[in-house]
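See below for the structure under consideration.
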Amino acid sequence: MGTSPEFALVEPDVPPGIGPYRLAWRRLRRNYVSLAFGCLFLLIVILCLLAPIYSADIAHIGADDTSHIDQALSLTGIPIGPTWHSTFFLGADTTGRDVAVRLLYGGRNSLEIGAIATLITMFFATMLGTIAGYMRGPIDGLLSRFFELLWAYPALLLGVALGTSLQIGGINLGIFTLTAGSLYVPAAVIGVVYIPYVAKPVRAQVVTLREREFVDAARQQGLGPVRIMLSEILPNLASTIIVFVPLILANAILLEAGLSFLGAGVQPPAPSWGTMISDGVHLLPAAIHLTLVPGIMLVLCVLGINVFGDGIRDALDPRSQIRIKR
Amino acid sequence: MGAFIVRRAAAAIALLFAISVLTFLIFFAFPSSDPALRLAGRTATPAQIAAVRKTWGFNKPIYVQYFKTMEKIFDGSIISYTQQLNVDNQIASDLQPTVSLAVGAGIIWFLFGVLFGVLSAVRAGRWLDRLLTIFSMVGVSTPVFFLGAVLLYYLGFKAGIFPNGDYVSITTDPIQWLYHMILPWLTLSALFIGVYSRVLRSTILDMLNDDFVRTARAKGLSERQVMVRHVLRNSLIPIVSLWGLDFASVIGGGAILTETVFNLQGVGQYAATSITNLDVPPVLVITMYGAFFVVLLGAIVDIVHASLDPRVRLSA
């Protein structure tokens with residue numbers, strides 16, 4: 001199936017066969033708004049990764065460093081707001097910690113939890129959804145009931161229930177151990193909560209894919225179900241999965257913030273955008289910057305992911321409509 | 001139709017049973033430390049822990065524990081550990097603010113979600129569509145607790161236009177009730193308006209290419225008649241199902257964040273304070289109760305949907 005040379009001669013700049021992903025990339029490249037927001041998200045990620053450098057070389061203060069408290073509080077005991085100095089550039093909190101430094105370290109935690117949760121959701125949802133849709137019968141019945149069950153809980157309530165329960169005892173499932181208070185507890189909780197939101201559409205798509213001729217052909221050739229699922233079905237799910245990644249990432253970061261705000265997510269003193277907003281809201285009329293700084297950062301980050309994700313969706317399939325319940 | 005209702009109701013009851021088992025397992029059977037410690041919370045004394053162990057029967061087999069827990073929830077004898085208050089009574093008294101929030105916000109987000117969705121679909125690609133798109137993208141990207149806190153600070157504390165949170169009962173003072181509910185309603189609605197208008201916009205745009213729309217135009221109907229009688233009527237079906245589920249989750253305590261920020265003292269805030277104290281019984285009951293509402297409204301939505309659309313009841 002090589003490219004035909006005559007065809008290439010007729011139109012030298014357009015290759016004869018453009019794959020769907022090349023085509024999608026072309027559409028995305030022309031969508032400047034979406035690219036700009038993608039860059040915004042990338043910029044936030046890079047800034048957060050550079051947190052140790054910012055802390056050591058620019059702000060000269062650590063994330064939990066309270067030794068500058070004499071400069072951090074005004075005469076009335078209220079933490080200072082944003083300044084033009086490199087230390088306390090975005091102000092200080094009540095214990096004299098630097099808000100900008102904590103914002104970047106908190107962002108690392110929020111993004112890390114979001115990324116791990118997204119990986120967990122995508123991995124299990126794709127696997128279980130594919131198995132349910134391809135195997136049908138009792139396995140499908142069981143898995144579909146399981147998706148229905150998780151889906152019946154309001155996402156935040158299920159997250160809160162799992163988070164609260166795990167916070168007290170942690171969990172120990174043989175090789176897989178989570179200690180209470182670990183960052184991976186909220187990541188695992190969020191990952192599990194969103195599984196049905198992806199698994200249900202994946203299953204629906206597999207149910208139609210398995211009736212197609214190319215799957216029949218593979219079966220006739222004597223391929224086993226595992227081989228068919230991996231090499232015939234999975235590549236056809238790729239665009240659905242790609243579309244879901246930014247959607248789940250954005251919602252995972254929002255859910256982490258919500259859980260941490262309620263105390264069922266990241267445990268203090270570890271910072272995250274959610275815990276920082278929570279601390280800020282408790283001091284509300286006095287020091288608005290403690291709420292605004294992490295809040296605006298969170299909104300910009302999630303907005304970046306959402307607009308970029310919309311661009312990817314439009315590029316891959318201009319007519320699709322996927323959304324998520326919160 | 002009768003057979004469909006029976007089947008749907010049976011499925012809902014099975015799901016409710018499964019929910020009660022899963023919620024029970026989340027709090028009682030994770031393979032880790034002593035469930036008595038978990039249930040009594042972080043600040044429990046040894047005597048309290050011993051009492052918990054005895055009243056919940058943790059030395060008995062797990063299915064006995066399950067029935068004992070369900071019995072406690074249904075006969076209304078379940079008690080919170082930090083304040084020793086009856087959980088069922090507490091939820092009943094917290095229901096009024098939660099229902100006020102859900103009903104008001106539900107109306108607002110449905111009306112504006114539909115309005116914005118239709119406007120943006122009709123004006124697709126124009127500046128109004130762009131403006132509404134920006135609005136809805138910001139709406140879905142802003143956490144409700146942040147939006148609520150910012151509105152409270154600028155409109156409540158700084159400008160003094162709105163009160164600083166709290167709930168006033170509708171029976172004591174309806175005008176104050178309305179005045180206190182406006183900000184929570186707007187805050188909770190912002191997210192849903194964004195979601196609904198996006199969904200409706202894409203549903204309408206997809207539907208405009210359908211055959212029945214072309215037929216309607218060919219019959220000579222005006223663009224407005226096509227839009228209202230044919231396109232909007234059909235594209236509202238998914239929006240109504242969505243609304244049913246979201247409304248149920250708000251009544252079921254799902255609006256934890258909004259209630260907490262505005263100090264409405266509803267079911268969601270009760271869940272939030274219980275989490276802070278790691279007081280498990282209320283969280284257990286509210287989780288179960290919230291899921292019950294979603295299942296119930298889900299079944300009702302499906303039955304209404306099936307009565308409108310025969311394809312649904314025949315294929316299910």
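We did not get these values from a lab; they are worked out from the coordinates using the rules stated. Everything quoted here is computed from the prediction, not taken from an experiment. Glycine gets a Cβ as well: all are built from the backbone with ideal geometry, and neighbour counts include every protein chain shown.
Ordering B:293-303, B:7-17, A:287-297, B:243-253 by mean Cβ neighbour count within 10 Å, with the highest value first, yields B:243-253, A:287-297, B:293-303, B:7-17.
The simple spin-label model puts a point 7 Å past each Cα toward its Cβ; for residue A:21 and residue B:25 those points are separated by 3.7 nm. If you wrap the Cα atoms of the protein assembly as shown in a convex hull and average its projected area over all directions, you get 36.7 nm².
Estimated from the Cβ-Cβ distance and a Förster radius of 51 angstrom, the FRET efficiency linking residue B:169 and residue A:127 is about 0.50. Starting from the Kirkwood Rh over alpha-carbon pairs, what translational D in µm² s⁻¹ does the stretch B:80-155 have by Stokes-Einstein at 4 °C and 1.567 mPa s? The calculation lands on 83 µm²/s. Spin-label model, residue B:60/residue A:47: points 7 Å from Cα along the beta carbon direction are separated by 5.7 nm. Overall, the ratio between the Cα radius of gyration of chain B and 2.2 N^0.38 Å, rounded to two decimals, is 1.19. Suppose R0 equals 41 Å. What FRET efficiency, 1/(1 + (r/R0)^6) with r the Cβ-Cβ distance, do residue A:211 and residue B:14 give to the nearest 0.05? FRET efficiency, residue A:211 to residue B:14: 0.90. The label point for residue A:57 and the one for residue A:218, both projected 7 Å from the Cα toward the Cβ, are 4.9 nm apart. Number of Lys-Lys pairs in the protein assembly as shown with C-alpha atoms under 26 Å apart and a separation of 8 or more places or on different chains: 5. Per-residue mean of foreign Cβ neighbours for B:270-278 is 4 (Cβ atoms of other chains, 10 Å radius). On full extension, the segment bounded by residue B:222 and residue B:311 gains 29.2 nm, given 0.36 nm per residue less the C-alpha separation.
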